[in-house]
Amino acid sequence: MKPEIALMIEGQNGLNWTRWQRIARAAEELGFAGLFRSDHFTNPEPPDREALELWVSLTWLASHTRRLIFGPLVTPMSFRHPVLTAWMAAAVDDLSGGRLVLGLGAGWQVREHEMFGFDLLPPRARFLRFREGVEVIYRLLRQDGPVDFQGRFFRLRGATLRPRPQRPGGPPLLIGGNGPRQTLAIAARYADEWNAVLVPLERLRELNARLDEYLAREGRRPEEVRRSLMTGLIFGRDSAEVQRKLAGRSEEALRAWGILIGTPSALREQVERLGEAGVYRVMLQWLELDDLDGLERLARALLEG
């Protein structure tokens, strides 16, 4: 199986309206399957760069593209209340004609939470909040009747989103992260798609097998949850350009993170191996926000033929 190829943009890494609009139009015209982006205020380390707010940018994308699948990778429960996330997601999905994939995560980046006054919480409480928030979103989108929920972090009494999502059940839910216990267990219960992040092929196979075990416990079949991967990319027209972009970094160390490295033919082989391992969609992290020529070369390398 040949995976779909989508782009992933780091929205806190210098993204502004001009860049976002150019990238979106290029992604659609060049034939990429989708366009995803992070949801952060800033990077883990300075300097701080321009950062375009996620849901505002997705609203523009919904009404200015025709076919791209899109969504957050991922929107954190640590500074996004699940009721508002569900409400916005249903509206943006309706606006796009049913193209949103709602990516959800627990939150992880310490610096942005400290800077802007959000409580990240210790890991155990953070994942309890995440599990509660995912259930709230799941039920608000998929339960037509009023939702009652009593948790440690969130409470609902007779809550119903109106209007109901045009797509039955609302947008598909993607759970992002590599945690073999908490994250995969949540994905097995609620997700339509699980997204691994920066993992090499063998580790991806191990996590896939673990997810299958959790799905069996939930009475779900493996094919009910699609598997996708978000990973980095170092791409060059020839070996010399690849070496220039490596800039002295260890290729072996980068591959240990699952980063795809190489010329067009090498990238095609790596993507094919991911497909053989069950990956349905690969989201390639594109950091060179002004390099539209490079995007075109990437499209020719992976989308043609």
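The numbers here are math on the coordinates, done by the rules we state, and not lab data. This one's a predicted model, so the numbers in the text were calculated from it and none came from an experiment. A quick note on method: Cβ atoms are made from the backbone with ideal geometry, for glycine too, and the neighbour counts reach across all protein chains shown.
Working from label points 7 Å from Cα in the Cα-to-Cβ sense, the ARG155 to ARG124 distance is 2.3 nm. Between region 168-219 and region 23-90, what is the separation of their alpha carbon centroids in Å? Centre-to-centre distance over Cα atoms comes out at 21 Å.
So, counting K/R as plus one and D/E as minus one, what does the shell of residues with Cβ under 12 Å around TRP108 add up to? Taking every other residue near TRP108 into account, the sum is 0.
Fully extending the segment from GLU50 to ALA209 would add 53.3 nm, taking 0.36 nm per residue of separation and subtracting the current Cα-Cα distance. Multiplying each eigenvalue of the alpha-carbon gyration tensor of the chain by 5 and taking the square root yields semi-axes of 31, 22, 20 Å, largest first, rounded to whole angstroms. Computed from label points 7 Å out along Cα-Cβ, the spacing between ARG217 and ASP290 is 5.0 nm.
Each residue, LEU303 and TRP17, gets one label point 7 Å from its Cα in the Cβ direction; the gap between the two is 2.6 nm.
Coupling constants for region 210-216 follow from the phi torsions by the Karplus curve (6.51 cos²θ - 1.76 cosθ + 1.60, θ = phi - 60°), and in residue order they are 5, 4, 4, 5, 5, 4, 4 Hz; glycine and proline get x.
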